[in-house]
Every structure is written in structure tokens, then in C-alpha cells.
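Notes for the one structure printed next.
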Amino acid sequence: MKGASIMQQQMTGQSQAQQPMLTTPPQVITGKDLGYLEDQMNWLLVAAKKCSHYAQECTDPQIKQIIDQAGQMHQRHYNTLLQHCQNNNNSVTASLPAQ
Amino acid sequence: MPNTQIGNPKTPAAQSSGTTMSDMDRITDILSTEKYLTDGFNIATREASHDSLHQAIMTCLTETHQCARDIYNVMFQQGIYTLEAAQQPKLDQAYQKFNSYLSQIPYSGQMQ
């Protein structure tokens, strides 16, 4: 709905005619995004801890190794998602066209 | 009848050991964890707002799928999973049935 109204303004050339149309969502972490990010990081935290713990207890070297690899991957994914929480929402929203 | 069972003999690690956690119990639990994570990542990927976040979670999703597959393959090697081949007549029957349905798809003439 919002996108449609922006396009209409551009086509009719009314007062806010210079507003650029957003083609994709801007680099803002939405409240919904943050909820999902927190959920995922919680799962990954527990998964990484569990893998590390299990790998130490394993006797079979092949099983130990594959579980350790999984744990390291979870830690890496945790870091990836954590970096998305470092987003500067303020500066991005400041540069957005006014509604 | 040909042998329809596919699998390796169980290694010592693949045996369960009473009430204590064995290596088989541990790897089974980790596979469940990976399955759970792929479900979660799948929904988060679909719901993500901007493209770079979407791409990041998509990467987590595909890597976790690969990890689950690698774990599954280790379990197969250790004899934890055995598979059963479908009976040839049933396979042939399914092919005939769905091959005849191809004509129902409007695109089928354009395939290849």
C-alpha cells in the first residue's frame, strides 16, 4: 500500500515529487528481524555448547570430529547474526524519504 | 527376490549402551538439533526484511543443511541407518502413472 502511494505521487508530480521510490527494503533491522535474530542466536548458543560438550565425551574419532565441526559452524553462524545486530538503524532511517 | 536392504554393519560406536549416553545417542541428538535449526532458519530467511540479512540467514540455512547431511552420512557409514529399496513393480507403476499425467501440465510441450 505504501509503495503504491509513493508511485502515485511520482506520477501525478505533486508537492513531494522528488521522492525516490524504494525498490528494496533499506538496511534497517526491523523489530521483527530483531526478534528472529535473538531466537536464532539463542538456538545457536545452545547448539554450539552442546556440540562442544558432546565432542569431548565421544570415543569414536569420526563421530567426535563431525560433532566438533558442527559446533564450530554454529559459532560462526552466531557471529554472522551478531554482526547484523551492530547495524546503525539511526543513520539509515535518517536518510530515508519522509512518509 | 533380490536383497532390498541397504546398509553397513553396526560399528561398536553405533551400539546403544543402556541408560548412559553413547556416541550413537550423541550424534542422533546433534542431527535432531541440525534439523531443528534448519526449520528455524527457513522461517527466518523467508521473513527477513532487507537483502543482506536475507542472504546471511540463507547462508546459515544452506550450511546447516549440508552439516545435517554430513552427519547423516557418518551415521550411515557407522551402520546406524539402513535403507530399503522399493519394489521394482511399484516403482515402474508410479513412473507409468505420473508419466501419463505429464499431458495435464500446460507447459509439458515446451520442456527440454
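Each value in this text was obtained by applying a stated rule to the coordinates, not by laboratory testing. Remember, predicted model here, so these are calculated numbers, not experimental data. Note: ideal-geometry Cβ built from the backbone for every residue, glycine included; neighbour counts use all protein chains shown.
Tabulated data
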| item | result |
| --- | --- |
| Filter result for B:A68 (surrounded by 15 or more Cβ atoms within 10 Å (Cβ to Cβ), of a type outside the set (K, R) and within 7 Å of chain A (Cβ to nearest Cβ)) | no |
| Which numbered condition B:N8 misses (of (1) facing another protein chain (nearest Cβ under 7 Å); (2) part of a loop (DSSP other than H, G, I, E, B); (3) polar (S, T, N, Q)) | (1) |
| Of all residues making up segment B:1-41, the number that are free of Cβ contacts under 8 Å to residues at least 60 places away in the same chain, of a type in the set (V, I, T) and more than 25 Å from B:Q66 (Cβ to Cβ) | 2 |
| Cross-chain or 6+ apart pairs with Cβ under 7 Å, segment A:28-53 first and within 14 Å of A:C85 (Cβ to Cβ) and more than 8 Å from chain B (Cβ to nearest Cβ), then among the hydroxyl-bearing types (S, T, Y) and assigned to a helix (DSSP H, G or I) | A:M41/A:Y78; A:L45/A:Y78 |
| Qualifying residues in segment A:54-76 (those that are of a type in the set (S, T, N, Q) and part of a helix (DSSP H, G or I)) - the one farthest from the other protein chains (Cβ to nearest Cβ) | A:Q75 |
| Whichever residue in segment B:62-112 is among the hydroxyl-bearing types (S, T, Y) and not in a helix (DSSP H, G or I) and, among such residues, is nearest to A:M73 (Cα to Cα) | B:Y81 |
| Residues of segment A:77-94 that turn out to be loosely packed, with under 13 Cβ neighbours inside 10 Å and part of a helix (DSSP H, G or I), as a count | 7 |
| Candidates B:T33, B:T38, B:T59, filtered to the one that is more than 7 Å from chain A (Cβ to nearest Cβ), touching a helix residue (DSSP H, G or I) at 6+ places or on another chain (Cβ under 6 Å) and not in a loop (DSSP other than H, G, I, E, B) | B:T38 |
| Meets criteria (among the aromatic types (F, W, Y) and either in contact with a strand residue (DSSP E or B) (Cβ under 8 Å, 6 or more places away or on another chain) or within 23 Å of A:I66 (Cα to Cα) (or both)) for B:Y81 | yes |
| Selection count, segment A:61-70, where residues are surrounded by fewer than 20 Cβ atoms within 10 Å (Cβ to Cβ) and either more than 14 Å from B:D25 (Cα to Cα) or of a type in the set (D, E) (or both) | 5 |
